[in-house]
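Here the structure comes first, spelled out in structure tokens, and everything after it is commentary.
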Amino acid sequence: MKSNSLFFGICIFSLCFSFYSTTSFGQYFITSFDFRSTRWRMSKEDVKESETLELIEEFKLDSKLSRSFGTSEAITYTGKIRGRKVLLIYVFNNNKLVRTLQCFTEQYKDKTTFIDEYNKHELELTEKYGLPIENGKLQLGETEKHNRVDLLNADNLSLYSVWEDQSTRIDLLLNNKANTDKIVLMISYVSKD
């Protein structure tokens, strides 16, 4: 009799767990992260506990960024992700995570490498989120050159792709940083709430 009730209990637990884990509600709590090991609306302390890279600082954003992001709270990390040097910026509103930026900090002499890196990230994000809902290249000058590297060398190119899932908008961007020799490759994750 005892083994029957134990077996029955295990069956009920298994049934409940399988239902819970196959619903979108259950999947959110079991497997879903919005960025790395974080979820939107996590507190700064929760993000700090989940992040494994080196904390650089916790700071207030300057007024221009604060207006752009709609908030002034951020923490930054540096390190390597899959062999690539990165700067991570976690942005908070009222101590709740609302946006992250993953900036790749390597600067390459051969600008073709930036295009290759952009293409790798675009492929990885497409594998994870499906086809982009938007992508393209912006020519920032009057030139009609079609070679991406020539346009990048001439400071006239910005590449972008956009994905969305249920909770997040993901933007991949490659462009020249204004008034510098630096090229920026970054992925932005923004809460849709």
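The values are calculated or read from the model by the stated rules, or taken from the named source; none is laboratory data. On a predicted model such as this, the values are computed, not experimentally measured, just so you know. We work out accessible area using only protein heavy atoms, side chains counted, and drop any ligands, DNA or RNA first. Shrake-Rupley method; radii C 1.70, N 1.55, O 1.52, S 1.80 Å.
Structure data summary
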quantity: Potential extension, Asn135-Leu55 segment - 0.36 nm per residue separation minus Cα distance; calculated: 25.6 nm
quantity: Leu97, Leu123, ranked by accessible area, largest first (probe 1.4 Å); calculated: Leu123, Leu97
quantity: Using θ = phi - 60° and Karplus 6.51 cos²θ - 1.76 cosθ + 1.60, couplings along segment 49-55 (whole Hz; Gly, Pro as x); calculated: 5, 8, 7, 9, 6, 6, 5
quantity: Links that overshoot a 24 Å alpha carbon limit, given the list Lys85/Lys109; Lys96/Lys120; Lys80/Lys128; calculated: Lys96/Lys120
